[in-house]
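This report concerns only the one structure given below.
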Amino acid sequence: MPRDDSSMASQSHGLTLEAIRPLFPLLERNSAGAILVDEASRLIWINACYCRLLGIDDPARVIGRPVAEVIPRTRMPEVVRSGRPILLDIMEYQARQLVVTRLPLHDPASGRVNGAVAFIVFDDLEPLTPLIGKYRRLQHDLAVARRALAQRGSRYALADFVGASPAVLEVKRRARLAAARATPVLLLGETGTGKEVLAQAIHGDSPRGASPFVAVNVAAVPENLLEAEFFGVAPGAYTGADKRTRQGKFQLADGGTLFLDEVGDMPLQAKLLRALQEGEVEPLGSNEIKRVDVRVMAATSRDLEAMVEDGSFRSDLYYRLNVLRIQVPPLRERLADLGILCETLLGRIAAESGEPRAEITSEAVALLQRHSWPGNIRELRNVLEQTLALNEACSVIDVPELRTALPHASMTNPLPPPTSAVRPLAEVVLAAERDALHNALAACGGNKSRAARMLGIPRSVLYDKLARLSEKPDM
């Protein structure tokens, strides 16, 4: 049987005008709308239904015009340009939504695109209600998942750890080093000093910044729930357990960072150590081992070295966590930053409340510098919020407004009365430092390592200070 070369060319190159022309009467009668354009995307045919839909009285009036001028937001030029069909698309026209199919047409000899045909499959979406409902549910679930993932990301940058004192600059230097590495980080410092802000900033600046940041306050989770919280739960692991697998924090943080706050209160130290060393977890009630890729950062306000010495914290876990250590200073050791901290916190309070931003005077900042700040930055924010709440429409915080939230009894560093026996400041500071060092050594029975921990300084710094003091015996 002889071959039809034109037919073979048509099959090899795609749909042709000759092949679709016999369908025109059918499209004319039964389609809610059909059009044909040439290789320049000019309209060369339109059926009566489409004319009625578009409000066109005379089809001859639009033949030869660019299709985009006749049908707003049409994608026909895209089909002609790319040569790719759009098999199912929803096109909005005025208040209506139309389901449209668009197909490119090819020249039978050369195979190049020389036009396109489109027809409306549905001019009413009611038959597609089940499909559209499912699509919308999927879109909603996707939006929820994206919001949840965004919440697990880092909210803070290194600039959010405010301050310019030498102690803060050293913290930021170490944080930048930590961000450039994948090693575990141990953040030490009192409660309220901003350890989680630093952890999120390190995560955000690291190569894992686009992956989840999952934080767990170990002290806030009941001990009997910690294993399930960290490693997940297999279906039916215990009576009342969900029939679905519940992921633990390690699985949720896979590819990202797991932040363990108050790790000094962690009871499941052996299992945590295994997860860190092996990079794998075993969900509660399961025999299946799951691989995880998690960077761990930990924080605590407790003295982990002392806990290791007395056996309440595993030494191998401590060494695993204490790879890159950052000591976060308490607020009382960085009082020079109080002014900029107040400015930043007042800005955040105003942004969150929608109220006008309040300012603070230098006299009010000086009053704050006389407080010991046991609650650190968290306490400072609380004092500022209380001040604004107790002084309605307060635009400038001065000493009288501040005293309402900061009782006079809380001043642990009152200003001394004037005296004629004024000593140089360097002598006063040196004498105070000498007393602190001698008192710490006496309390520790001469153990310099424990004295350094009590003073919150490295042992090498303690030796340097003792050496300097020994050179000034008169002090």
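The values are calculated or read from the model by the stated rules, or taken from the named source; none is laboratory data. The model shown is predicted, which means the values in this text are computed figures rather than measured ones. Methodologically, a virtual Cβ is constructed for each residue, glycine included, from the backbone with ideal geometry; neighbour enumeration extends over all protein chains shown. We work out accessible area using only protein heavy atoms, side chains counted, and drop any ligands, DNA or RNA first. Shrake-Rupley method; radii C 1.70, N 1.55, O 1.52, S 1.80 Å.
Take the conditions (1) assigned to a helix (DSSP H, G or I); (2) open to solvent by 60 Å² or more (accessible area, probe 1.4 Å); (3) of a type outside the set (Lys, Arg); Asp254 misses just one of them, which is (1). Checking segment 309-320 against the condition returns a match, with at least one residue being in contact with a Pro (Cβ under 9 Å, 6 or more places away or on another chain) and open to solvent by 20 Å² or more (accessible area, probe 1.4 Å). Taking (1) part of a helix (DSSP H, G or I); (2) surrounded by 20 or more Cβ atoms within 10 Å (Cβ to Cβ) in turn, Trp373 satisfies each apart from (1).
Looking at the structure I just gave you, is Arg65 open to solvent by 50 Å² or more (accessible area, probe 1.4 Å) and without any contact (Cβ under 8 Å) to a residue 60 or more places away in the chain? Answer is yes for this residue. Within segment 347-370, restricting attention to residues that are of a type outside the set (A, V, I, L, M) and part of a helix (DSSP H, G or I), the residue that is farthest from Leu331 (Cα to Cα) is Ser353. Of the helices (runs of 4 or more DSSP H) lying entirely inside segment 257-344, those containing at least 3 residues that are modelled with pLDDT of 90 or more span 304-310, 315-321.
Within segment 386-403, not a single residue is touching a residue at least 60 places away in the same chain (Cβ under 8 Å) and assigned to a helix (DSSP H, G or I).
Is there a residue in segment 334-353 that is open to solvent by 10 Å² or more (accessible area, probe 1.4 Å), over 16 Å from Arg381 (Cα atoms), touching a residue at least 12 places away in the same chain (Cβ under 8 Å) and not hydrophobic (A, V, I, L, M, F, W, C)? Within segment 334-353, none of the residues are open to solvent by 10 Å² or more (accessible area, probe 1.4 Å), over 16 Å from Arg381 (Cα atoms), touching a residue at least 12 places away in the same chain (Cβ under 8 Å) and not hydrophobic (A, V, I, L, M, F, W, C).
Annotation: Ser286 fulfils all but one of (1) of a type in the set (Ser, Thr, Tyr); (2) within 30 Å of the chain's Cα centre (by Cα); (3) open to solvent by less than 30 Å² (accessible area, probe 1.4 Å); the unmet one is (2).
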